[in-house]
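The values are calculated or read from the model by the stated rules, or taken from the named source; none is laboratory data. Because the structure is predicted, anything quoted here is derived from the model rather than measured. FYI the Cβ positions are ideal-geometry reconstructions off the backbone, even for glycines, and counts take in every protein chain you see. Calculation scope for accessible area: heavy atoms of the full protein, side chains included, ligands and nucleic acids excluded. Shrake-Rupley method; radii C 1.70, N 1.55, O 1.52, S 1.80 Å.
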Amino acid sequence: MKKEIHFELNGYEVSAEVESHKMLLNVLREQFHLTGTKEGCGQGECGACTVLVDGLNVDSCLYPAFEVEGKSVTTIEGLVGEGNVLHPIQKAFVEGGGIQCGFCTPGMIMSTKALLDETPHPSEEQIKKGISGNLCRCTGYVQIIESIEKAVDLMETEPEK
Ligand code: FES
Ligand code: FES
């Protein structure tokens, strides 16, 4: 069964005709060509597909596309500001060494965004909990946690645009 869905995507009202079995991840990558959101496990285990739906981080590989009707979706592409200025969290990951191969990075950054929107000054424990659904094969997490702490500082001095 196909249905037209309407939702907000990175600040724009959009619509798409989708099949009932499609997940949000498929629609974002295949129909909107937003390939920043990655497919890792496809089973809700790795967090590579994390996006925000109404401000909450969700695994888009398990999120039925039909369910975004009327909601607001933000992907990694939606964090970049005017003039392609990196969001402070993106900048912090670049400067803090929180990126190696980069496969986990979009999901990690979207979980960080959800965390810092809710808790602007998280403890290390809160950071670990905030990214507990995101797996990284490369960094050992130390640089990622440092990058998130750096993001907290940058968000104070360079608020998002
Ligand atoms: S691809 Fe969605 S959780 Fe791994
Ligand atoms: S940087 Fe490679 S998986 Fe995280």
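Values for this structure:
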| read-out | value |
| --- | --- |
| Within segment 82-157: Cβ-based charge dipole about Cα centre, in debye rounded to nearest 20 (Lys, Arg +1; Asp, Glu -1) | 340 debye |
| For segment 82-157, alpha-carbon Rg over 2.2 N^0.38 Å | 0.99 |
| Karplus 3J(HN,Hα) series, Hz, for segment 57-69 with 6.51 cos²θ - 1.76 cosθ + 1.60 (x for Gly, Pro) | 7, 10, 7, 5, 6, 10, 9, x, 4, 4, 7, 8, 3 |
| Rounded percent of accessible protein surface that carbon and sulfur make up, segment 82-157, 1.4 Å probe | 51 percent |
| 5 angstrom amide H check on Leu9, placed H, neighbours 5+ away | Val14, Val73 |
| Mean-position separation - Cα centroids, segment 5-23 and segment 84-161, in angstrom | 27 Å |
| Percentage relative contact order, segment 96-141, counting C-alpha pairs under 8 Å, at least six apart | 52 percent |
| Selection from Val85, Cys61, Gly96 lying farthest towards where the dipole of the chain points positive, charges on Cβ | Cys61 |
| Of all accessible heavy-atom area on segment 2-78, the percent that carbon and sulfur account for (1.4 Å) | 44 percent |
| Heavy-atom surface of the chain, accessible at 1.4 Å and reported per residue (Å²) | 51 Å² |
| Debye, to nearest 20: dipole size of segment 2-78, +1 on Lys, Arg Cβ, -1 on Asp, Glu Cβ | 120 debye |
